[in-house]
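This report refers to the structure that appears directly beneath it.
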Amino acid sequence: MFVRFLRPNNLSQKMMRVIFSIYMVVTLVITSVQFLSEYLKTQAVIVGELQQLEVTVRGPISTSLWQYDQNQLDVITDGLVQMPIIEGVEVFDKNAQNIISKTFDVDSSVPLSIFDSKLELNRTLNGERIPLGTLVLYSSSGVVLDRVWFGFALIAFTAFIKLTILFWLFIWAFDRYLATPLKELMSQVNEVQLSQGISKRIHLSNTENNELSQLQEHMNSMLAAMSSDRKRLIEDEQAKRSWLEDAVAKRTEDLQALNKKLKYLATRDSLTNILNRGSFFDAAQQRLALSQRQESTVSFILMDLDYFKRINDSYGHFVGDKVLIHFTQTLQGFLRKTDLLGRVGGEEFAILLFDTKLDDASQLAEKICQAISHSALEVEGNTISYTVSLGVESSELSDTSIDELFKRADLKLYGAKDKGRDRVES
Ligand SMILES: Nc1nc2c(ncn2[C@@H]2O[C@H](COP(=O)(O)OP(=O)(O)OP(=O)(O)O)[C@@H](O)[C@H]2O)c(=O)[nH]1
């Protein structure tokens, strides 16, 4: 504890040292003033005693001076010098000439200060006062100190005792009321800081209502506010995150739907909504490969509307488009789920029939041809009739590419065209 007092490492110990140091300085000043006052009082008493002695020896010394009795003067002054309070004696004649000078003991140390008392020596003769000289008695600080040392020691001892007791009282009081509660507060604040949550609170063991308990209350309300702020922030964060997750999920769903739609559109012909050329050939290629593995047959029907240019030229492209749509819808009425239908050119269409031999495909082609030639559609008040030429071909075991099948079907189609159109060539 004493080491802590000398080398304070915290606030309470520093305060303890400052207050104690101030008290020590004040005590030292008061004790010094007491010393000085005692010293001056004792010096005044000694001067009084010197004056009384001078009065006592004035008669014999005056007589000795009057009678010029040097021996008697020596005896008297020797006696004076022996006295404990006298450090020296000097006698001067009426002309201020030193007759006797017995000052200070040469063996003793030189005193701090010397003071004296003077007395005029006279003789009254026939009522007349005749001056004979002067008697001077000296005393010194040594004499004063000899007399007051016990008092000084008492004062010093009392001051020391007071200082020591107060020192330990200060230490105890600061330790009890400041250092220990502060240490406890710091340790609990540290625990709160180290704990992950802010649910911990400070509970000082000293329940007195003072600045520390008020500080504890303030810190606990601060922690409570922080805790509720943190809870609110977490809730906000969770709400934001969940909102964001919902938004992202919704966006992903929309994008997936859009992507699906785009993929679908990319495979479709925009006018007739059947497979476009690329998708048809991709799908047909897969069907051919599957059929070859299963050693079955696929058939390919290639169709081209006859004189379609005339329809466009006579009724316009809008009507031509309606014819193309009508043709597609008619075809769909003849197809199974496993069949593929695609638009492979402007007015050119193709059907791939899975697991279908040439005869069956040719029969279907005939039906289509008949159905189209007997159909008519009404567009803007016009009755439109049209025909189609068809080429039919079936796969062989050597076929590896759909293009080969397509080329053979195309030749058949040209054959149908050459033979007058509105017919099937297989
Ligand atoms: N309305 C419309 N016409 C198209 C479309 N695609 C191609 N055509 C037209 O179809 C016509 C094809 O003409 P051609 O190749 O001469 O054939 P065709 O007139 O049918 O004669 P043949 O095939 O020999 O019977 C052209 O006039 C093209 O402009 C389309 O999407 N809509």
Listed peptides 213-221, 82-90 by packing density, highest first (mean Cβ within 10 Å): 82-90, 213-221
With every protein chain in place, the accessible area of S296 for a 1.4 Å probe, in Å² rounded to the nearest 10, comes to 20 Å²
Expressed as cubic angstrom per residue, what is the convex hull volume of the alpha carbon set of segment 55-147? 99 Å³
Largest first, how would F35, F281, F300 line up by accessible area (1.4 Å probe)? F35, F281, F300
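Which value, in Å², gives the accessible area per residue of the chain when a 1.4 Å probe is used on the protein heavy atoms?
62 Å²
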Give the lysines whose C-alpha is closer than 24 Å to that of K337, dropping any in the same chain fewer than 8 places away, or say none. K260, K261, K263, K357, K367
G88's amide H: which non-local residues (gap 5+, or another chain) put their own amide H closer than 5 Å, with H modeled 1.01 Å from N in plane and none for Pro or chain starts? F104, Y138
Highest to lowest packing among 349-361, 113-125, scored as the average C-beta count within 10 Å: 349-361, 113-125
With all protein chains present and a 1.4 Å probe, how do W168, W66, W149 order by accessible area, largest first? W149, W168, W66
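To the nearest µm²/s, what D does Stokes-Einstein give for segment 214-312 at 37 °C and 0.692 mPa s, using the Kirkwood radius over alpha carbon pairs as Rh?
The Stokes-Einstein estimate is 160 µm²/s.
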Carbon/sulfur fraction of accessible area - the chain, other protein chains in place, 1.4 Å, %: 57 percent
Below 13 Å, Cα to Cα, which aspartates and glutamates can K407 reach? Residues fewer than 8 away in the same chain don't count. E393, D399
Residue-level accessible surface for D246, protein heavy atoms, 1.4 Å, Å²: 100 Å²
Dipole moment magnitude, nearest 20 debye, the chain about Cα centre, only Lys, Arg, Asp, Glu C-beta charged: 680 debye
How large is Rg/Rh for segment 199-266, to two decimals, with Cα atoms and a Kirkwood Rh? 1.56
Any DSSP H helix in the chain with Cα axial reach of 15 Å or more and mean Kyte-Doolittle score of at least 0.5? Listed by number, the hits are 11-66, 141-174
Once the mean of 1/r over all distinct C-alpha pairs in segment 127-166 is inverted, the Kirkwood radius in Å reads 14.0 Å
Work out the P(r) tail for the chain: percent of alpha carbon pairs separated by more than 39 Å, whole number. 67 percent
Of N190, N126, N273, which has the largest mean-square fluctuation in a 10 Å C-alpha GNM of the chain? N126
Charge dipole (debye, nearest 20) of segment 277-425; +1 at Cβ of Lys and Arg, -1 at Cβ of Asp and Glu: 120 debye
Cα-based Kirkwood hydrodynamic radius, segment 153-255, one decimal, Å: 18.4 Å
Log entry: pair-distance distribution for segment 277-425, C-alpha pairs binned every 10 Å from zero, whole % per bin is 12, 43, 32, 11, 2, 0
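From the helices alone, meaning DSSP H stretches of at least four residues, give me the mean residue ellipticity at 222 nm for the chain, per-run term -39500 (n - 2.57), in deg cm²/dmol to the nearest 500.
Estimated from H runs of four or more residues: -21000 deg cm²/dmol.
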For segment 206-270, give the magnitude of the charge dipole about the Cα centre (Cβ charges: +1 Lys/Arg, -1 Asp/Glu; no others), in debye to the nearest 20. 860 debye
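The values are calculated or read from the model by the stated rules, or taken from the named source; none is laboratory data. On a predicted model such as this, the values are computed, not experimentally measured, just so you know. Neighbour counts are summed over all protein chains in view; Cβ atoms, including those assigned to glycine, are modelled from backbone coordinates with ideal geometry. These area figures cover heavy atoms from the full protein model, side chains too; ligands, DNA and RNA do not enter into them. Shrake-Rupley method; radii C 1.70, N 1.55, O 1.52, S 1.80 Å.
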